[in-house]
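Engineer: Okay, handing you the structure first.
The values are calculated or read from the model by the stated rules, or taken from the named source; none is laboratory data. All figures in this text were calculated on a predicted structure; none of them were measured in a lab. Cβ placement follows ideal geometry from the backbone for every residue including glycine, while neighbour counts extend to all protein chains displayed. Areas reflect the complete protein model, heavy atoms only, side chains present, ligands, DNA and RNA absent. Shrake-Rupley method; radii C 1.70, N 1.55, O 1.52, S 1.80 Å.
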Amino acid sequence: MDDLSNLIMILKAELHTHTNDDPKDKKWISYSAKELVEEAIKQKFDVLAITCHNFLYQNKELKEYAQRKDLILIFGIEKDIENKHVLLYNITPQETENIKTFKDLQDARQQNKNIFTIAAHPPYLGSSCLRNKIYHYPDLFDAWEHSFLHTRLYNPNKKMLEKAKELHKPVVGNSDVHLLKDLGRTYTLIDANKNKQSIFQAIKDHKVRIVTKPLPFFEFIRITLRAFWSGMRHRWKISR
């Protein structure tokens, strides 16, 4: 395979996915990390991040396999911080264990300048969504996420995009993948060299374009109900 790491190109990227290794949502997920990688290759993605809930999935063999197939595979985590979802990358398992509050995240970013953060689906009504906290902690998030979960008549992302433009904050599109068919609903085109460092820097530099389309109404309802029951089940387990 030719070395493309120093070649500027437009990269098709999905930075928010889950697999059946996810400790929170594995009940809802039937596919493995390998199957997710295969689907990403099939759809000609250049960049894929696996971000399980509160679990930093790592697999050296799978990463090497993806690289041979010309896919940059990134291991991140969707971390609960003060009960809100934050996507973290370039971070170790030990660092993730030590982050429980936004102050902890701030301290971790000061100690490790490479940590990259995305506010997960912030404009939505769910209790795990950051909502106005993205404005209270503007420096904690390198980018905000444009969610795939919208229809022609209902799209909370629109107001967030207006605010992002006002505050000059990058926004990336993700599909928060829980079913293989969710992959590709919304994604990001990134103008970057084909390596992880360049990809994250390009996002910071706003060298991104979101590709998205509204969900059919009944798909939106199905996914919303799945997310609702998943959240209820998780809170019930915590309260036991």
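Engineer: Treating cross-link reach as a plain straight distance, find the lysines whose alpha-carbon is under 26 Å from the alpha-carbon of Lys34, omitting any fewer than eight places away in the same chain.
Structural biologist: Lys12, Lys24, Lys26, Lys42, Lys44, Lys60, Lys63, Lys69, Lys79, Lys181, Lys194, Lys196
Engineer: If you count the DSSP beta bridges with both ends in segment 1-126, what percent of them are antiparallel, to the nearest 5?
Structural biologist: Antiparallel bridges make up about 50 percent of those DSSP assigns within segment 1-126.
Engineer: Heavy atoms only, probe 1.4 Å: what % of the accessible area of the chain goes to carbon and sulfur, would you let me know?
Structural biologist: 52
Engineer: Sticking with this one: Tell me, what is the per residue accessible area of segment 1-143 in Å², probe radius 1.4 Å?
Structural biologist: For segment 1-143, the solvent-accessible area averages 48 Å² per residue.
Engineer: Could you calculate the FRET efficiency of Glu162 with His136 from 1/(1 + (r/R0)^6), where r is the beta carbon distance between them and R0 is 22 Å, rounded to 0.05?
Structural biologist: Once rounded, the FRET efficiency stands at 0.75.
Engineer: Once fully extended, how much extra length lies between Lys34 and Arg68, figured as 0.36 nm per residue of separation less the alpha-carbon to alpha-carbon distance?
Structural biologist: In short, 10.9 nm is gained.
Engineer: Among DSSP beta bridges whose residues both lie in the chain, state the antiparallel percentage, nearest 5.
Structural biologist: Here the antiparallel bridges make up roughly 55 percent for the chain.
Engineer: How high is the relative contact order of segment 23-88, in percent, counting Cα pairs under 8 Å that sit 6 or more residues apart?
Structural biologist: Answer for segment 23-88 is 31 percent.
Engineer: How far apart, in nanometres, would the label points at Ile41 and Phe217 be if each is projected 7 angstrom from Cα along the Cα-to-Cβ direction?
Structural biologist: About 4.1 nm separates the two model spin labels.
Engineer: Turning to a different aspect of this structure: Using R₀ = 41 Å, calculate the FRET efficiency as 1/(1 + (r/R₀)^6) where r is the Cβ-Cβ separation of Arg152 and Lys60; round to 0.05.
Structural biologist: 0.40
Engineer: Taking the Cα of Gln197, stepping 7 Å toward and past its beta carbon, and measuring to each backbone N in segment 101-117: which are under 15 Å?
Structural biologist: Within reach of a label on Gln197, which here means backbone N under 15 Å from a point 7 Å along Cα→Cβ, segment 101-117 contributes 113-116.
Engineer: Which stretch or stretches of segment 137-152 have amide N atoms under 14 Å from the point lying 7 Å from Gln110's Cα along the Cα→Cβ direction?
Structural biologist: 140
Engineer: Still on this model: Could you point to the label whose value was computed as Rg and Dmax of the Cα atoms in Å for the structure here, given [x] 16.8, 53; [y] 21.8, 73; [z] 20.1, 73?
Structural biologist: [x]
Engineer: If you restrict to DSSP beta bridges whose two residues both lie in segment 118-229, what percentage is antiparallel, to the nearest 5?
Structural biologist: Given both bridge residues lie in segment 118-229, the antiparallel proportion sits at roughly 45 percent.
Engineer: Additional query: Stretch Ser127-Met9 to full length: gain in nm at 0.36 nm per residue minus the Cα-Cα span?
Structural biologist: 38.7 nm
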